[in-house]
Amino acid sequence: QVQVVESGGGLVQPGGSLRLSCVASGSISSINTAGWYRQAPGKQRELVATITYGGITNYGDSVKGRYTISGDNAKNTVYLQMNSLKPEDTAVYFCCWSQWGENYWGQGTQVTVSS
């Protein structure tokens, strides 16, 4: 079993930055992929970014060039640096830890971009 906890959300003005963290604990495998997804009210959950244990990254089109995903394998932690935030980035951001065919989700952290 894997537990996933996100942190770092909050209220930020347009153009600002936030850094989200995702910590996984429990039975962690070295063969894994971690990702960030987001869900705005009334919308489907969408991919934000993913990173493999080896450091290969993938981004959703709406965040390319503004967001950066990174990981610290020793700490089982994944980060999401979000820059140049826009009001349309407002959503609940979820971390997903995938290993051995199982997906483990955190409870999410709210990000609100508003002036």
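Some notes on this structure:
- The condition (being in contact (Cβ under 8 Å) with a residue 40 or more places away in the chain and either under 24 Å from SER114 (Cα atoms) or in contact with a Gly (Cβ under 7 Å, 6 or more places away or on another chain) (or both)) is satisfied by just one residue among GLN44, GLN13: GLN13.
- When segment 40-79 is limited to residues that are aromatic (Phe, Trp, Tyr) and part of a strand (DSSP E or B), the one that is least open to solvent (accessible area, probe 1.4 Å) turns out to be TYR67.
- Residues being open to solvent by 60 Å² or more (accessible area, probe 1.4 Å) and either part of a strand (DSSP E or B) or not hydrophobic (A, V, I, L, M, F, W, C) (or both) - total across segment 18-34: 4
- Here PRO41 clears all of (1) modelled with pLDDT under 95; (2) over 23 Å from GLN110 (Cβ atoms) except the condition numbered (2).
The values are calculated or read from the model by the stated rules, or taken from the named source; none is laboratory data. Just so you know, these numbers come straight off a predicted model, no measurement behind them. Methodologically, a virtual Cβ is constructed for each residue, glycine included, from the backbone with ideal geometry; neighbour enumeration extends over all protein chains shown. Heavy atoms of the whole protein, side chains included, go into the accessibility calculation; ligands, DNA and RNA do not. Shrake-Rupley method; radii C 1.70, N 1.55, O 1.52, S 1.80 Å.
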